[in-house]
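Notes follow once the structure below has been shown.
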Amino acid sequence: MGSIQQFTNESHSGQRDWNIRFSRDISNSETPQLAELLQAIGPAPPILNNEADTFSWSLTPKGNFTVQSLYEHLSGKLVWQFI
């Protein structure tokens, strides 16, 4: 575990790049999981600034967690809300 800053390097041009080190070599059978990790974190680290971190739930328009949104995501169904 660590902060994003601990897993990045800054180039001479000021651009940040991922610098992920593993305690051992990655085996061929682990290559798909490594590819998944790299796809999940994206090609470039987020911009670091002094602003406080915030949480955002990507499954709702306002970014707030709801049990309904999680249920819909896990079940693959649209749950209708009756008013």
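The values are calculated or read from the model by the stated rules, or taken from the named source; none is laboratory data. Every value quoted in this text rests on a predicted model; they were computed, and no experiment measured them. Protein only, heavy atoms only, side chains kept; ligands, DNA and RNA dropped before computing areas. Shrake-Rupley method; radii C 1.70, N 1.55, O 1.52, S 1.80 Å.
Summary of values
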| read-out | value |
| --- | --- |
| Qualifying residue in the range 45-67 (condition: open to solvent by less than 100 Å² (accessible area, probe 1.4 Å) and not in a loop (DSSP other than H, G, I, E, B)) | no |
| Within the range 6-44, considering residues that are among the polar types (S, T, N, Q) and within 30 Å of LEU70 (Cα to Cα), the one most open to solvent (accessible area, probe 1.4 Å) | GLN39 |
